[in-house]
Amino acid sequence: MDTSQYLGIFLDEAREHIQSLSDQMMILEQEPENQDAISEIFRAAHSLKGMAGTMGYKKLQHLTHVTEDCFSDIRSGSMKVTSELMDVLFQALDSIEGYVNTIQETTDEGDEENENIINEINRIRSAETGKGDAPAPAKEEKKADEAPAEAAPADGASDEKALYRSMKLDDSAKDVMKDAIAGGKHALGFTVYIEESCLLKAARAFLVIKALEDMGDIVATDPSTQDIEDEKFEFNFSLYTICDEEIDKAREAMLAVSEIAEVVGEEFTEAGIDSIGGDAGKAEEKAEAPTEGSREEAEAPVAKEETTAPVVKEETAPAAKAPAAKQAPAAKKPVISKTIRVDIDKLDSLMNLVSELIIAKNTIVSAADSSDTQNQALNEQVEYLESVTTNLHEAVMKVRMVPIESAVQKFPRMVRDLEKKLDKKMQLTITGEETELDRTVVDEIGDPLMHLIRNSADHGLEHPDERAASGKPEMGTIFLNAFQDGNSVVIEVGDDGKGIDVEAVRSKIVERGLASEDTAAQFTDKEVIDYLFDPGFSMAKKVTDISGRGVGLDVVKSNIESLGGDVSVKTKLGEGSTWIIRLPLTLAIIQALMVIIGDEKYAISLDSITTIENIPTTDVKLVQGKEVIQLRGTVIPIVRLSELLGFPPAEEQPEDMIVVIAKKGDSLAGLVVDELIGQQEIVIKSLGKYINTDRIISGATILGDGEVALIIDANALI
Amino acid sequence: MDDLERYVEDKATQYIVVNLGIEHYGIDINYIDNIVRVPAIRRVPNVQDFFKGVINLRGEVIPVMSLRVKFGMPEIDFTNSTRIIIVKVDPQAAIGIIVDEVEQVMDIYASQIEKVSAEKKEESNGYITSVGKTDRGLVSILNLATVIGEKEQI
């Protein structure tokens, strides 16, 4: 079988499984009893093994198989999660990833057998369980575990699995069931769980239904029989049946079908039937009156609990359903995921087309503005076109947006490894991983973030004894918080470690001859800290293989600036430091203020502008040789753009000057421009790699009339 | 016939021959994307002096440089025959080179080409790789990589 066409899918999915394994193993290490994590690991390992087998990667398959066996033992409880075991399993995971990387590069899995890892796993397994390979007894134990749950399905313990109770039944179905009970038959409800490894779910489900139909009639199923036939369900389905036989017989018949993991069910009385579809939990106890009122009663407790919000009846049912659904393992994923994978190149070309469309739109807008005959209909259509292109741009931009999760998900594992390597205690908390950024930015942001986290782990956090001495918890915390702030996304990376010793940096600056002692003494703290971003400037007393080579922060800074963002740091000696990264939501198209300086048009990104002021020239004061203005009590330095851009100073000063107040973090600056044109959506074009602009000009754009305007990076001026 | 035989035996490369004053320069045609008349050039402040600015070429912003300034020749006003050669050494990054005049497309055979001496190379800052001796006189063949690639500090 030629599998090469599936290679891309294999690699994508393999990476997903590896990531999921890594995530869940981290959880398992923290909570060794977490059954969900074990199941998830088992599932991922199993799928990975299957995929590797299909693609013919024998070594990958073997290693995954050994790992999977190990998790099988953990799941059955015959093996304990130990630190030693997890270390080996993480090594195994690294090797698995190594295989996948090799496959990606060479389409072959390579020659590495990883025998020592396999031997190590087997050694631990045999020491723990007394068996090397065959996990047979484990299976028996597992069966035994399940048995009590099956025997007492109505017990609270398995309530969450009894999904059939929350199934909606229409009145006619209920009547049929009541009639059947009156006729001496059994009304039964079941939820059938199919093994997650099952490949022919629909066929198994069909056999289950057929088995029941031999004994009676199926009243209703959830999802519908059609959906079950089409395999539109996860690993369980619920049904109601009128059966000639006892419940145990029906259950046996269903379990006789292979690959059925579990059947949860109960027999209903006439009264119980009315409660179906109501409160999932304690339906039976509450449904005493066999009238319509019983349904409302069953719902009532839920409604009462939520006194804070006015709950209408229609909303109650899903609310009651939700907790039950959350518990159910199969409900974790949407039933049918309606997503497609798209090559990023296709999105890029789509984005380019949108850019061109916007340039064309701008041309039409300026043509319509300048045409002498003011045509009402034309203007309306132009406005309509503007709103369509803006929406189109937003839609395309959204398509390109992905959560930063993919960039940060490798960090918990990295911190775990750093913890062992550095012999410090640390934990990583991540919030806002769902924050979305342009795909290109997410791809590029991983490395700078990794640098910062390593930096925090190595330089920021102290050793446990030091921490204890200064009254801090021994466990150091590194945090990564991401959130959207206006048109930019902020990612904060920081720690509760010792912070940056500004004075130490100051003396290092002198020591390195970067500034004389006198000059250095005059630097503000911020100016001192900025030296940390200089290439080759390292504060580490000794170079470790984690950080301290002096290549780091400057790379972080240039990486982030190349993405159009900026990075700053807040620090307090003894309390930790926080690195703040600010990134634009989108790279290609921005709203900009168009201005005239000299006789040329320039664009300034609207994001960085707070206000525009008219200031009398006489209000400009000199402070330490720098021009400043006072605006509502704040002193703001002003930048005469015309001088910076190489225009001769105006012969006579106008009475008023137009000052665009730009903001970067907490700092403000007033940019003096000659004239305002207005707001416009512009497409950012690079000036190319050959031209060496100073940092003031960040790019160019093409205006409606085909003229090129340069974009001023206000951030570089503050 | 003679030409055809030579073409087969003696490897020929096509060059666009451009003029700066009285000098002829050859640019390998494989790197040339386009030749355009001079459109409005937007000045970019504070850049290397040979960069005259950027132009809009069908929706793309392309930096243009003056070969005269780069070669330390006096600047002249643009005339009707001034052209911008759009070259792409790197397919991702186009750049325009302003020349006084485009003369012709010319086959220059390997046998006609003479490498320049090390001194000469030094003298021309490495901008010239070799000289082609043609019926029309000497054509200095440009080393585009050094002509456009070098990032001089301002």
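The values are calculated or read from the model by the stated rules, or taken from the named source; none is laboratory data. What you see is a predicted model; the values in this text were computed from it and never measured. Methodologically, a virtual Cβ is constructed for each residue, glycine included, from the backbone with ideal geometry; neighbour enumeration extends over all protein chains shown.
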Out of A:Leu418, A:Leu353, A:Leu385, sole residue that is in contact (Cβ under 8 Å) with a residue 24 or more places away in the chain, not assigned by TED's automatic domain parsing to the domain that holds A:Arg454 and not hydroxyl-bearing (Ser, Thr, Tyr): A:Leu385
Is there a residue being within 20 Å of B:Glu23 (Cβ to Cβ), outside any strand (DSSP E or B), in contact (Cβ under 8 Å) with a residue 60 or more places away in the chain and more than 14 Å from chain A (Cβ to nearest Cβ) anywhere in region B:75-86? no
Of all the residues that make up region A:495-523, how many are in contact (Cβ under 8 Å) with a residue 60 or more places away in the chain and either of a type in the set (Val, Ile, Thr) or not assigned by TED's automatic domain parsing to the domain that holds A:Pro464 (or both)? 2
Criterion violated by B:Thr129 - all others in (1) more than 14 Å from chain A (Cβ to nearest Cβ); (2) surrounded by 19 or more Cβ atoms within 10 Å (Cβ to Cβ); (3) at pLDDT 90 or above satisfied: (3)
For the condition in a helix (DSSP H, G or I) and crowded, with 21+ Cβ neighbours inside 10 Å, what is the one hit in A:Ile38, A:Ile27, A:Ile103? A:Ile38
Could you list, in sequence order, all residues of region A:399-415 that are touching a strand residue (DSSP E or B) at 6+ places or on another chain (Cβ under 8 Å) and assigned to a helix (DSSP H, G or I)? A:Arg400, A:Val408, A:Phe411, A:Pro412, A:Val415
In the list A:Gly646, A:Gly625, A:Gly670, A:Gly678, which residue meets the criterion of being farther than 23 Å from A:Ser562 by Cα, small (Gly, Ala, Ser), without any contact (Cβ under 8 Å) to a residue 12 or more places away in the chain and more than 14 Å from chain B (Cβ to nearest Cβ)? A:Gly625
Give the residue that is farthest from A:Glu433 (Cα to Cα), with candidates limited to residues of region A:395-414 that are surrounded by fewer than 18 Cβ atoms within 10 Å (Cβ to Cβ) and of a type in the set (Val, Ile, Thr). A:Val399
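Conditions (1) farther than 22 Å from A:Lys346 by Cβ; (2) aliphatic (A, V, I, L, M); (3) in a helix (DSSP H, G or I), marked per residue:
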position: A:Asn391; (1), (2), (3): no, no, yes
position: A:Lys421; (1), (2), (3): yes, no, yes
position: A:Leu428; (1), (2), (3): yes, yes, no
position: A:Asp443; (1), (2), (3): no, no, yes
What's the total number of residues in region B:33-56 that are more than 10 Å from chain A (Cβ to nearest Cβ) and under 29 Å from A:Thr363 (Cα atoms)? 7
Only one of A:Leu703, A:Leu631 that is within 13 Å of chain B (Cβ to nearest Cβ) and not polar (S, T, N, Q): A:Leu703
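So that you can scan it fast, the table gives a plain yes or no per residue for (1) assigned to a loop (DSSP other than H, G, I, E, B); (2) under 16 Å from A:Lys685 (Cα atoms); (3) under 23 Å from the mean Cα position of the chain (by Cα):
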| residue | (1), (2), (3) |
| --- | --- |
| A:Val555 | no, no, no |
| A:Ile560 | no, no, yes |
| A:Lys570 | no, no, no |
| A:Ile580 | no, no, yes |
| A:Ala592 | no, yes, no |
Testing A:Ser78 on (1) touching a residue at least 60 places away in the same chain (Cβ under 8 Å); (2) assigned to a helix (DSSP H, G or I), one condition comes back false. Which one is that? (2)
For residues that are more than 8 Å from chain A (Cβ to nearest Cβ) and at positive phi, tally how many sit in region B:57-74. 2
Candidate set from region A:681-711 (those that are in contact with a helix residue (DSSP H, G or I) (Cβ under 7 Å, 6 or more places away or on another chain) and in a strand (DSSP E or B)); member that is surrounded by the most Cβ atoms within 10 Å (Cβ to Cβ): A:Ile702
Within region A:602-646, the residues that are of a type in the set (Val, Ile, Thr), within 19 Å of A:Asp656 (Cα to Cα) and surrounded by 11 or more Cβ atoms within 10 Å (Cβ to Cβ) are A:Thr611, A:Ile612, A:Ile615, A:Thr617, A:Val620, A:Val628, A:Ile629, A:Val635, A:Ile636, A:Ile638, A:Val639
Of (1) within 14 Å of chain B (Cβ to nearest Cβ); (2) under 23 Å from A:Gly665 (Cβ atoms); (3) in contact with a strand residue (DSSP E or B) (Cβ under 6 Å, 6 or more places away or on another chain), A:Ile638 satisfies all except one. Which? (1)
Per the list (1) in a helix (DSSP H, G or I); (2) modelled with pLDDT under 85, residue check on A:Thr373 breaks on (1)
Check whether at least one residue in region A:534-553 is over 15 Å from A:Gly460 (Cα atoms), under 31 Å from the mean Cα position of the chain (by Cα) and modelled with pLDDT of 80 or more, and report yes or no. no
Please enumerate the residues belonging to region B:87-117 that are surrounded by 12 or more Cβ atoms within 10 Å (Cβ to Cβ), out of contact with any helix residue (DSSP H, G or I) (no Cβ under 8 Å at 6 or more places or on another chain) and within 14 Å of another protein chain (Cβ to nearest Cβ). B:Asp90, B:Ala93, B:Ala94, B:Gly96
Considering only region A:448-527, give the helices (runs of 4 or more DSSP H) lying wholly within it that have at least 3 residues that are under 30 Å from A:Lys410 (Cβ atoms). A:464-469
